[in-house]
Amino acid sequence: SASDEAAIRASFDQQAANWNRGDLDTFATAYKNSPDILFVGTTKVNRGYAEMLERYRKTFPTREAMGTLTFSDVEVQPLDERFATATGKFHLARTAAGGGDASGSYMLVYEKTPQGWKIVRDVTLPAPRPQP
């Protein structure tokens with residue numbers, strides 16, 4: 001429904017706001033708090049909410065490393081009453097000391113839970129960085 005799509009789109013705005021405040025714990029609440037959630041990256045598949053949060057903390061240990069997050073080209077596709085996908089692009093604007101800018105694409109699977117729409121699958125792929 002239109003309200004479900006609006007709720008999923010609103011979660012992107014909320015995630016960006018939480019990230020840009022440096023609040024990883026609240027940022028992570030967009031994900032289902034379950035040992036069954038799945039993250040697929042370029043080199044590894046990770047499972048579980050706790051592992052996801054720990055990975056974010058290690059990868060982005062400071063506000064400078066977190067930078068400023070924006071999402072673009074967000075497309076939401078309902079699959080049925082309980083599941084939907086979202087695809088799009090992300091961009092992290094960071095200083096050189098923070099690791100430099102980073103961007104890429106994602107495909108997320110959302111599940112409608114009693115707590116609202118939550119991410120249960122996350123495939124995020126960074127864009128190749130230009131070689132000096």
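So the values come out like this:
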{"read-out": "Placed amide H near residue 34: partners under 5 Å, 5+ positions off or other chain", "value": "49"}
{"read-out": "Within the chain, helix-based [θ] at 222 nm, where runs of 4 or more DSSP H residues each add -39,500 (n - 2.57), nearest 500", "value": "-8500 deg cm²/dmol"}
{"read-out": "C-alpha long axis of helix 49-59 to longest principal axis of the chain, angle in °", "value": "20"}
{"read-out": "Under 23 Å from the Cα of residue 112 - lysines, other chains or at least 8 residues apart", "value": "32, 89"}
{"read-out": "Dimensions in Å of segment 1-100 - Rg and Dmax from alpha carbons", "value": "14.4, 45"}
{"read-out": "On Cα atoms only, tilt of 2-20 relative to the major axis of the chain in degrees", "value": "30"}
{"read-out": "Accessible solvent surface per residue of the chain, calculated while the other protein chains remain in place, 1.4 angstrom probe, Å²", "value": "58"}
{"read-out": "Whether segment 25-69 is rounded, prolate or oblate, judged on the alpha carbon gyration tensor where a/c under 1.5 counts as rounded", "value": "oblate"}
{"read-out": "Residue 55 accessible area, 1.4 Å probe, all protein chains in place, Å² to nearest 10", "value": "90"}
{"read-out": "The chain, dipole about Cα centre (Lys/Arg Cβ +1, Asp/Glu Cβ -1), debye to the nearest 20", "value": "440"}
{"read-out": "Segment 28-102, dipole about Cα centre (Lys/Arg Cβ +1, Asp/Glu Cβ -1), debye to the nearest 20", "value": "340"}
{"read-out": "Percent carbon-and-sulfur accessible area, the chain, ignoring ligands, DNA and RNA, probe 1.4 Å", "value": "55"}
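The values are calculated or read from the model by the stated rules, or taken from the named source; none is laboratory data. Model, not experiment: these values are computed from the prediction. Cβ: placed from backbone, ideal geometry, glycine included. Neighbour counts: every protein chain shown. Side chains included, ligands, DNA and RNA excluded: accessible areas come from the protein's heavy atoms. Shrake-Rupley method; radii C 1.70, N 1.55, O 1.52, S 1.80 Å.
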